[in-house]
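Computed from the coordinates by the stated procedures, all read-outs in this text should not be read as laboratory data. Not measured: the values here are computed from a predicted model. So basically every Cβ, Gly included, is an ideal-geometry build from the backbone, and we count neighbours across all protein chains shown.
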Amino acid sequence: MRVLFYIMTPILILTVILASRFVTWDKLRGVDENAAKHLTNGSQLLKRGKIYQSISVLTQAIEIEPKFAEAYINRGLAYYHLAQYKEAIADFTQTIMLKQYVVDAYASRGDVYRSVNDVTNAISDYTASIKRSKNAGVLSKRGRCYLKTGNFDDAISDYSEVVEHRPTAIAYYNRGRAYFEKHLHSNKKKETLELALDDFNRSIEMQPKYAIAYLSRGDVYGYLEQPNFQESDYSQAASLLTDAIKNWNNDKFALIPILLWRAKVFKKENDISKADSDVQRIYQLFAEYYLNEINLSDIL
């Protein structure tokens, strides 16, 4: 459902989609036939979520063809999926050294660095990817890194470029958050708050059921000392999130961030019992998820 998509804050590109991008038959010309087969099989295993098996098969491809960039970048994605970050970085670095898929390899290695909170290297890699080919997703990720380091103007610049070329509800929301964070941690100027408010307004105009935009706009109204508008936006955010939870028919574990956002709204509304109830449900889903992952693991 389109509505549910906008409830989430922007997310990483799915590994299964990424995996399919790097099997390019033109590049396979001249590659050992068995290595090419291992690449194809390993990529298919990765798409099906058979991560450990995928790594094993892709490793066989690399053993046959040590300069096989396609196999390295796919194996890097598999390692990243398993949170084996050291190995993922090594494979993405090797892909870069082989001078193939450099744009994607830098972006993917940036994702790994961001996952281990190495924001400086993440920014460096995202920048290297952007210099070669601008991408709204990578610009947004670099913007988040800039926010984390307190470089609010750089974050706003990245988000503004996304807004200029791909003006979506999420793009306006991200820039609005950057303006809001700048107000909180930097200049404390009313003008900055008003810029944030304008962006949240645009975001909601483009997607009227964007729950998190209502939540953030409610925060801005609080700082602008407009409590009636603040309460109205918090109530709307809670209502939209509740509707989404009630009508959810996808993977139940994907409810975790939605429950987390609703708990945050309830806390802002001082409804602590409801917030605690959502947090307890999150704990239960986390426990069930990891037990399920262990049971389904292809190494057992």
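Please report, to one decimal in angstroms, the Kirkwood hydrodynamic radius of the stretch 82-178 built from all distinct Cα-Cα pairs.
After inverting the mean inverse Cα-Cα distance, the result is 13.5 Å.
Taking neighbour Cβ counts within 10 Å as the exposure measure, how do Lys50, Lys86, Lys141, Lys148 sort from fewest upward?
Lys86, Lys148, Lys50, Lys141
If you average 1/r over all unlike Cα pairs in the stretch 227-300 and invert the result, what Kirkwood radius do you get in angstrom? Walk me through the intermediate numbers first.
Values: mean 1/r = 0.0740 Å⁻¹.
Computed over Cα pairs of the stretch 227-300, the Kirkwood hydrodynamic radius comes out at 13.5 Å.
About its Cα centre, what dipole magnitude does the stretch 134-208 give when the only charges are +1 on Lys and Arg Cβ and -1 on Asp and Glu Cβ, stated in debye to the nearest 20?
Numbers: 13 positive and 11 negative charges, 60 e Å.
Roughly 280 debye for the stretch 134-208.
Take the Cα radius of gyration of the chain and divide it by 2.2 N^0.38 Å, with N its residue count; two decimals is plenty.
1.12
Which of Phe286, Phe200, Phe229 moves most in a GNM of the chain, Cα contacts under 10 Å?
Most flexible of the set in this elastic network: Phe286.
Per 0.36 nm of contour for each residue apart, how much would the distance between Asp251 and Gln226 grow if the chain were fully extended, relative to their Cα-Cα spacing?
Working: separation 25, 0.36 × 25 = 9.00 nm, distance 3.81 nm.
Result: 5.2 nm gained on full extension.
Measuring from centroid to centroid over Cα atoms, what is the spacing of the stretch 141-210 and the stretch 236-292 in Å?
Each part reduced to its Cα centre gives a spacing of 25 Å.
Compute the semi-axes of the equivalent ellipsoid of the stretch 134-208, taking the square root of 5 times each eigenvalue of the Cα gyration tensor, and list them largest first in whole Å.
18, 16, 8
Where the only charges are on Cβ atoms (+1 Lys, Arg; -1 Asp, Glu), what is the dipole of the chain about its Cα centre, to the nearest 20 debye?
Values: 39 positive and 36 negative charges, 59 e Å.
Roughly 280 debye for the chain.
Under the definition of Cα pairs under 8 Å and six or more residues apart, what whole-number percent is the relative contact order of the chain?
Values: 383 pairs, mean separation 33.8, N = 300.
Relative contact order of the chain: 11 percent.
Counting only helical runs of four or more DSSP H residues, what would the 222 nm mean residue ellipticity of the chain come to if each run contributes -39,500 (n - 2.57) and the total is spread over all its residues?
Details: 17 runs with 229 residues, N = 300.
Roughly -24500 deg cm²/dmol at 222 nm, from the helical runs in the chain.
Taking 7 Å along the Cα-to-C-beta vector as the label spot, tell me the Lys267-Tyr52 distance in nanometres, rounded to one decimal.
Distance between label points: 3.6 nm.
Which of Gln44, Gln230, Tyr283 sits farthest toward the positive end of the charge dipole of the chain, with +1 on the Cβ of Lys and Arg and -1 on the Cβ of Asp and Glu?
Gln44
List the extent of the Cα atoms of the stretch 142-300 along each of their three principal axes, largest first, rounded to whole Å.
Cα extents, longest axis first: 55, 38, 27 Å.
By Kyte-Doolittle mean hydropathy of at least -1.0 and Cα axial length of at least 27 Å, which whole DSSP H helices of the chain are selected?
227-246, 272-296
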